[in-house]
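The values are calculated or read from the model by the stated rules, or taken from the named source; none is laboratory data. Computed from a predicted model, the values in this text were never measured in an experiment. Neighbour counts are summed over all protein chains in view; Cβ atoms, including those assigned to glycine, are modelled from backbone coordinates with ideal geometry. Note: accessible area is taken over every heavy atom of the protein model, side chains too, but ligands, DNA and RNA are not part of it. Shrake-Rupley method; radii C 1.70, N 1.55, O 1.52, S 1.80 Å.
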Amino acid sequence: MNILILGSGGREHAFTLKLVESSKVNKVFVVPGNAGTAKIATNVTISPTDFEAIKSTVLENDIKMVVVGPEAPLVSGVHDFFLADNQLKDIPVIGPKKDGALLEGSKDFSKQFMENHNVPTAKYKSFNNNNLEKGYTFLETLEPPYVLKADGLAAGKGVLILNSLEEAKFELKEMVSNQKFGEASLTVVIEEFLKGIELSVFVLTDGKNYKILPSAKDYKRIGEGDVGLNTGGMGAISPVPFADDAFLDKVEELVVKPTIAGLQKEGIDYRGFIFIGLMNDNGNPSVVEYNVRMGDPETEVVLPRIESDLFELFDGVANQTLNEKSFSVTKQTATTVMLVSGGYPEAYQKNKEISGLENVVNSTVFHGGTSLDNNKVVTSGGRVMAITSFGDSIQEALDKSYDSIEKISFDDMNYRKDIGFDLV
C-alpha cells in the first residue's frame with residue numbers, strides 16, 4: 001500500500017520512519033516533507049492545505065491512505081474534502097473531520113464540550129467585543145495568574161498567562177477589539193489558572209474503540225529552568241514518572257472515556273489522534289486543552305516507544321477495528337532534545353549547513369526544519385531537529401542524546417541542556 005503523510009516537521013518524520021518499517025507499506029509520500037523524510041520516502045513540494053494538489057498527488061501515485069500530521073489541514077476540512085469527492089471518498093484519512101477538529105480549532109467549543117460531558121477542566125467564560133465589560137468583571141472574580149486564550153488557531157501563540165489584573169484587562173481588549181491574533185482572537189476564553197504539573201496523554205481512536213498511547217512531558221520555554229519565550233517545544237520525555245498506573249487509570253475514567261462517549265453523543269465520527277494536555281494536581285487530572293493531532297516534539301518520544309506496527313493501528317482506525325489490533329509499548333524511557341536556530345523563537349536565519357549527522361549512532365535524528373540544497377542538509381526552520389535516545393532511565397537516555405548532539409553542528413545552533421531537569 002502507498003501512504004501519503006501531510007506535514008513537514010519532526011512529527012511527520014517520526015510517522016514516516018515508523019510506517020516504512022511495516023511490511024504492509026510499499027511507498028510513503030510526504031507533503032511537503034523535509035531532508036529527513038527525503039532519505040526514506042518521496043517528498044512532494046506542495047502545501048498540506050492545497051487540497052486540489054493533494055488530490056492530484058493521491059490519484060497519480062495510487063495512494064490508499066492519508067495520515068494528517070498538523071492541525072491546519074484538519075481544521076480546514078481535508079477529511080471532509082476526501083469524503084465529498086467520488087474519486088477520493090474510499091481512501092481513509094487518519095485525522096478527524098471538521099466537526100471533530102473543532103476540539104482544537106475553537107477553544108470555546110472545546111470548553112463547552114468538556115463542560116457538557118463532565119470532563120474535569122478549569123472554570124471559564126468566553127467574551128468578544130460585544131461583552132468586553134463583562135470580561136473585565138469576570139477577570140476581577142479570578143485569582144492571578146489570569147489565563148487568556150484566543151478561540152481560534154494562532155500558531156501556538158494565542159495563550160497569555162498574566163499576573164497583573166490591569167495587564168489582563170489591557171490584553172483582553174487588544175485581543176478582541178484590536179485583533180492581536182487576527183480573527184483567532186475575535187472571541188477569547190478566560191479561564192482560571194490550573195495548578196499542578198503539566199503532561200500530555202495521547203489517544204488513538206476509531207470513533208468507538210481507543211488505544212491510550214504513552215504519556216509524555218515536553219518543555220516549551222526557550223531558556224533553561226523553563227524561562228523565556230514559549231516555543232513549539234524544546235524537548236520531551238516519555239514515560240512521565242509521576243504518571244503512574246493509578247493516575248493514568250483516573251485519566252482514562254475521568255477524561256478519555258467521557259471524551260470518546262461525548263464525541264459519539266454529539267454525532268462526531270472521530271478517527272485519529274486526540275492529544276490531551278493535562279494538569280496533575282495532587283494526583284487529580286484536569287484538562288488544559290485538546291489537540292486533534294500528535295504533538296511535536298512529543299511524537300518523537302511516543303512513537304519510538306510503540307512496538308506495534310503503526311500501519312496496522314491506522315488500518316484499525318480506518319475500519320473501526322482498532323480493538324482487534326495488538327498494541328505494545330517498550331518499558332524503556334525515550335528522551336528527545338530539540339536543536340533550534342539561533343534567535344528562535346524570534347527572528348532567525350535559514351540555510352545554515354548541518355554537519356556531523358553521519359556520526360550519530362546511539363540516537364535517532366528526527367528532522368524538522370531542514371531541507372536539501374545540492375544534496376547538503378541545511379536549516380529551513382526554527383526547530384531544526386530532535387535527537388531521540390532510549391535508556392533504562394531518563395538520565396541514561398538524556399546522556400545519549402547529549403552525546404549525539406556533540407557530533408552535530410550548524411551556525412548558531414542552540415538547545416536546552418536541562419531537558420528533564422524536574423524529573424531526574
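Some observations on this one:
- Cα Rg over Rh - the range 205-278, Kirkwood: 1.07
- Viscosity 1.002 mPa s, temperature 20 °C, Stokes-Einstein D of the range 17-147 from Kirkwood C-alpha radius, µm²/s: 120
- If the chain linking residue 351 and residue 392 were pulled fully straight, counting 0.36 nm for each residue of separation and taking away their Cα-Cα distance, it would gain 11.1 nm.
- Full extension of the chain segment joining residue 47 with residue 23 gains 5.8 nm, where the gain is 0.36 nm per residue of separation less the Cα-Cα distance.
- Across 232, 369, 196, mean-square fluctuation computed from a Gaussian network of the chain (C-alpha pairs under 10 Å connected) peaks at 196.
- Per residue, in Å², the accessible surface of the chain once ligands and nucleic acids are set aside, probe 1.4 Å: 42
- At R0 = 22 Å, FRET efficiency that the Cβ-Cβ distance of residue 284 and residue 193 yields, to 0.05: 0.90
- Long pairs among 55/97; 18/265; 208/325; 149/217; 157/217, criterion Cα-Cα beyond 23 Å: 18/265
- q = 0.12, 0.13, 0.19, 0.23 Å⁻¹, the range 1-87: log10 I(q)/I(0) [Debye, one scatterer per Cα]: -0.30, -0.36, -0.78, -1.14
- Charge tally in the Cβ shell below 10 Å around residue 344, where Lys, Arg are +1 and Asp, Glu are -1, residue 344 excluded: -1
- Computed over the range 122-170, the Cα gyration tensor eigenvalues convert (square root of 5λ each) into semi-axes of 17, 14, 10 Å, ordered from largest to smallest.
- Inter-site label distance for residue 245 and residue 134 at 7 Å from Cα along Cβ, in nm: 4.8
- Formal net charge of residues neighbouring residue 186 (Cβ-Cβ distance under 11 Å; K, R +1; D, E -1): -2
- 222 nm mean residue ellipticity, helices alone, for the chain (DSSP H n ≥ 4; -39,500 (n - 2.57); rounded to 500): -8000 deg cm²/dmol
- Legend: P(r) of the range 312-424 from all alpha carbon pair distances, 10 Å bins from 0, whole percents, reading 14, 35, 26, 20, 6.
- Principal axis dimensions, the chain - Cα atoms, whole angstrom, descending: 58, 50, 44
- Relative to its Kirkwood radius, the Cα radius of gyration of the range 124-225 gives an Rg/Rh of 1.06.
- Evaluated with a Cβ-only charge set (Lys, Arg +1; Asp, Glu -1), the chain carries a dipole of roughly 500 debye about its Cα centre, given to the nearest 20.
- Reciprocal of mean inverse Cα separation for the range 178-333 (Kirkwood radius, Å): 16.9
- Protein heavy-atom surface of the chain, 1.4 angstrom probe: 45% of the accessible area is carbon and sulfur, with nucleic acids and ligands not counted.
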